[in-house]
Amino acid sequence: MRMLIALIAGMLFGAGLTLSGMTDPHRVRAFLDIFGDWDPTLAFVMGGAIIPMAIAWRIQRRAERPFADASFALPDTVKIDAQLVLGSILFGVGWGLGGLCPGPAVAGLALAPIAVAPFLASLLAGMALHRLTSR
């Protein structure tokens with residue numbers, strides 16, 4: 001049951017990313033180009049995502065456990081440290097240069113696998129490098 005729910009959620013998430021244009025690197029770069037030919041479309045996508053997420057957080061606070069698991073998997077810390085800040089900077093730079101972030105890149109595999117493959121290879125290499133250096 002959990003795998004089916006995860007599959008449906010992943011498909012819904014990927015479809016939403018595709019329909020909203022988040023899988024199009026050109027649209028993402030145009031959104032980030034605030035001093036050039038700025039495209040505000042993704043601001044509406046992100047703003048629209050805040051409403052259902054706010055509702056979900058309110059529901060989660062009142063629920064004893066999730067629908068398909070024994071407990072909620074929430075972060076155990078809210079500390080902002082150098083590792084978090086550096087990771088955020090690297091994420092932002094990668095998003096700006098590549099026009100993709102991990103979710104849209106995986107969704108993009110269905111649309112343009114050859115175009116997305118270098119980004120995903122770099123993403124996996126970075127994850128492996130982090131795993132090796134953080135021990």
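One quarter of the surface of the convex hull around the alpha-carbon atoms of the range 9-135 equals 10.1 nm², the direction-averaged projected area.
Axis angle, to the nearest 10 degrees, between helix 113-133 and the longest C-alpha principal axis of the chain: 60 degrees. Please return the longest stretch of the chain lacking exposed loop sites, where chymotrypsin sites (Phe, Trp or Tyr not before Pro) count only if DSSP places them in a loop and at most 13 other Cβ atoms lie within 10 Å. Answer from the scan: 73-135. Rounded to the nearest 10 degrees, the angle from helix 2-20 to the longest Cα principal axis of the chain is 30 degrees.
What shape does the range 84-135 have by the C-alpha gyration tensor, where a ≥ b ≥ c are the square roots of the eigenvalues, rounded means a/c under 1.5, and otherwise prolate means a/b greater than b/c and oblate the rest?
Taking the square roots of the gyration eigenvalues as a ≥ b ≥ c, the range 84-135 is oblate.
Using only Cα atoms and rounding to the nearest 10 degrees, what angle (0 to 90) does helix 41-62 make with the longest principal axis of the chain? Rounded to the nearest ten degrees, it is 10.
Every number here is computed from the coordinates shown, using simple stated rules; none is lab data. For clarity, every value in this text was computed on a predicted model and none was experimentally measured. Every residue, glycine among them, receives a Cβ derived from its backbone with ideal geometry; neighbour counts consider all protein chains shown.
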